[in-house]
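Just so it is clear, none of the values below were taken in a lab; they were calculated from the coordinates. Quick caveat, the model's predicted, so the values are computed rather than measured. All Cβ positions, even for glycine, are placed from backbone atoms using ideal geometry, and neighbour counts span all protein chains on display.
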Amino acid sequence: MDRDLIVAGPILRHVSSTQFTLWLVTQKQLNARLIINDNQQSTLYSNPLDATNCSTTQVGTYCFVHLIHINLNVPLPTNTLLHYDLIFKLPEGDKHLNQLLPDINYTGQNKISFSVPEQINSLMHGSCRKPHHYQDDALSVLDDKLQHTAQDHQARPAMLIMSGDQVYVDDVAGPMLSAIHQTMQLLGLFEEQWQGTDINNTTELLNSLQCYYARDQLLPDDKASQKVLELFLGGKRKPIFTAVGAHNHLITFSEMIAMYCLVWSPTLWQHINLKHIKPNLPPSHNQRYDKEQIQIEKFVNDLSKVRRALAHVPTYMIFDDHDVTDDWNLTRGWEEAAYGNPYSKRIIGNALLAYWLCQGWGNKPENYTELAEQIKPQFTEHGLNNHDQAVQNVLDWPHWHYYLNTQPKVIVLDTRTHRWRSETNPNKPSGLMDWETLSELQSHLINEPSVIMVSPAPVFGVKLIEAIQHIFTFFGKPLMVDAENWMAHPGSANVILNIFKHLKTPPNFIILSGDVHYSFAYDVTLRFRRNSPRILQITASGLKNAFPETLLRWLDKINRTLYSHRSPLNWLTKRRYMSIKRRLIKNDTTNSVLFNHAAIGEIVLADNIDDVQVKVHTPDGREIEFECPTTRTSNNKTP
């Protein structure tokens, strides 16, 4: 490990003409200089990194998380290729990034390139990247895209938007958990203690017979919380953590930090042995471990491409549930149970702490100044000195959402921590955003000519699936079907739809979503409105996940039949005043609407929303385009 100074990253984060943000993890304190050059190699910025431009958080003996954030006095030039480099001062002499990471640059370049476009012409987006899913990692496709456009700033995507489930804290393969524990040892990640369970520290957890494939037995289920669960969720025994894969649910903060280092970088995998350093498993789990190991090894093979891509394109992220835990804040009853138990509260808080350090902070660092001031003093060279207080700080933080002053404006929604809770029944699904945050959203929309809004869950989803979720909710079983959609709660549904009806809402409105593990595109307008805003709902999910194939094929067919554009059943829905036209998959003879395969989304913007190109790219090289209804009609006209 001595030669591997850089553990993970660099990942390029928020960039504008006046700001530059970079995230990376190293084994040692950072002693380096950041240099930014233009395409003629003239120096635009050159300064050593110190406390004024680099925030460092020590999370292990040999693990330091850095957020480099530069406010530039002289704006960076736009619409041109720029380059950045880090020069590390080491005992053996100065080392450049490409000397420490020989595969970090594209062909013909000796520095990492990026650009600051004046206007977003295209972008990539995706969600739901589960390492042990059997399909290949579509995030590697971004590397292919950037390789082909390495010298052409106009053809490069302006940004990558990741709309949730960048990591699966709650669904972890056995081999990945073994890699996490080897990483904790390699980096000396700090141990912790907690309350609310018989096993109450990291060492006892790792030595427990339930550490692998049996963690659901260790998750919160004490008498106090169980009374709350019985009252609010019904039934005799309900775990707080409801993920299907909860048998390997991550628990400690160090486990979660290790997960981030392993899913974004190949470095640590060179020192991890999944075959010979194998946990002591019951015979019944050996076959499963071996099968999962095959998928994890395939995942690792693409990580060099993923690391290189993330270093070259500004990347923005927002959490969904699996970044923390499945069904996170689904109902008021779930919240009462989860936050009323000190053990489950610690697990949720650990996931949110790791999210802040590894995802949230880099989106717009100035938004987190107050949170950093609260939490950073808690981190010491021996671990968190007040872990419970740090957890409380992130749980109380109200500003995970953010806005980018780009052209068009980008608005990224937090649909998890500002929920509109049911006052009548704690078992009913909460609205994805409450009235106050929806009002704030509207204030950022008024008078904008066009907007890109990121909502982890689609605002306009597949109506048949939403109807099924409604039926399960009616019978008190929302947890069984993940009843999380914008239309599940009357308050949030009415407000978000009224925002679209507002006379000053943007005339061009693109919504980017993930979550559902399939991809589609809808064109939405208001019925009975001559000058209706044009809304394009685009969903790309997942990067490494997919819906059960046969089931989705039938759902797609039935949905097209029952809820066609002219179906009277639409008048029974909350979207009755919306006209929703599905974009069909181009050159598909079955008229499919839903595309079901691991893929990354691409949108190419245009002045007319009908001309916006909506595509997804699969790891096996396919490009799937969703064709606008008006384009399809004009193409089918007889000359």
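Figure the gain on full extension for Q99 and D388 (residue separation times 0.36 nm, minus the Cα-Cα span) and round it to one decimal in nm. Mind dumping the intermediate values first?
Details: separation 289, 0.36 × 289 = 104.04 nm, distance 4.08 nm.
Between Q99 and D388, full extension yields 100.0 nm more.
For every helix of n ≥ 4 consecutive DSSP H residues, a contribution of -39,500 (n - 2.57) applies; sum these over the chain, divide by its total residues, and give [θ] at 222 nm rounded to the nearest 500 deg cm²/dmol. Write out the running numbers ahead of the final one.
Details: 17 runs with 182 residues, N = 639.
Computed ellipticity for the chain at 222 nm equals -8500 deg cm²/dmol.
If packing is taken as the average number of other Cβ atoms within 10 Å across a peptide's residues, how do 38-50, 250-262 rank, most packed first?
On the way: 38-50: 12.4, 250-262: 25.9.
In descending order of packing, they fall as 250-262, 38-50.
What's the ranking of 378-385, 55-62, 267-274, 355-362 by average number of surrounding C-beta atoms within 10 Å, highest first? Walk me through the intermediate numbers first.
Values: 378-385: 14.2, 55-62: 19.0, 267-274: 17.2, 355-362: 24.1.
Top to bottom by mean Cβ count within 10 Å: 355-362, 55-62, 267-274, 378-385.
So what's the net charge close to V612: Lys and Arg +1, Asp and Glu -1, counting the other residues with Cβ under 12 Å from its Cβ?
Working: positive: R534, R583, K615; negative: D523, E602, D607, D610, D611, E625, E627.
Residues near V612 contribute -4 overall.
Provide the FRET efficiency to the nearest 0.05 for the Q210-T78 pair, computing r from the beta carbons and using R0 = 41 Å.
0.15
Please list, in order, the residues from the stretch 493-516 whose amide nitrogen is less than 19 Å from a point placed 7 Å along the Cα→Cβ vector of S439.
Hits in the stretch 493-516 for S439 at 19 Å: 493-505.
Quick one: compute the contact order of the chain, relative version, from alpha carbon pairs under 8 angstrom and 6+ residues apart, as a percent. All intermediate terms of the calculation are to be shown ahead of the outcome.
Values: 1343 pairs, mean separation 96.5, N = 639.
Dividing the mean separation by the residue count of the chain yields 15 percent.
If packing is taken as the average number of other Cβ atoms within 10 Å across a peptide's residues, how do 128-137, 145-154 rank, most packed first?
Working: 128-137: 22.7, 145-154: 16.1.
Most protected by this proxy first, the peptides run 128-137, 145-154.
Are there DSSP H segments in the chain that both extend 18 Å or more along their axis (alpha-carbon positions) and score a mean Kyte-Doolittle hydropathy of at least 0.0? List them, or say none.
Working: long enough: 174-187 (20 Å, 0.56); 283-301 (28 Å, -1.64); 342-358 (24 Å, 0.49); 549-562 (20 Å, -0.43).
Qualifying helices: 174-187, 342-358.
Give the percent of DSSP beta bridges with both residues in the chain that are antiparallel, rounded to the nearest 5.
On the way: 74 of 96 bridges.
Taking every DSSP beta bridge with both residues in the chain, the antiparallel ones total about 75 percent.
Once R0 is set to 41 Å, what does the formula 1/(1 + (r/R0)^6) return for the Cβ-Cβ distance between Q185 and E549, expressed as a FRET efficiency to the nearest 0.05? Walk me through the numbers on the way to the answer.
Details: r = 40 Å, r/R0 = 0.97.
According to the calculation, E is roughly 0.55.
Using Cα pairs closer than 8 Å and at least 6 residues apart in sequence, work out the relative contact order for the stretch 1-100, in percent.
Numbers: 188 pairs, mean separation 29.9, N = 100.
Reported relative contact order: 30 percent.
Apply the Karplus parameterisation 6.51 cos²θ - 1.76 cosθ + 1.60, with θ equal to phi minus 60°, to every residue of the stretch 9-21 and state each ³J(HN,Hα) to the nearest whole Hz, in sequence, with x for glycine and proline.
x, x, 10, 6, 10, 5, 9, 9, 5, 10, 9, 9, 10
So which of K298/K409; K544/K586; K89/K305 end up more than 28 Å apart by C-alpha?
Details: K298/K409 37 Å; K544/K586 23 Å; K89/K305 26 Å.
The pairs that break the limit, which is 28 Å between Cα atoms, are K298/K409.
Tell me the net charge near S492. Cut-off is 10 Å between Cβ atoms, S492 excluded, with +1 for each Lys or Arg and -1 for each Asp or Glu. Let's see the in-between values first.
Working: positive: R419; negative: D434.
So the environment of S492 carries a net charge of 0.
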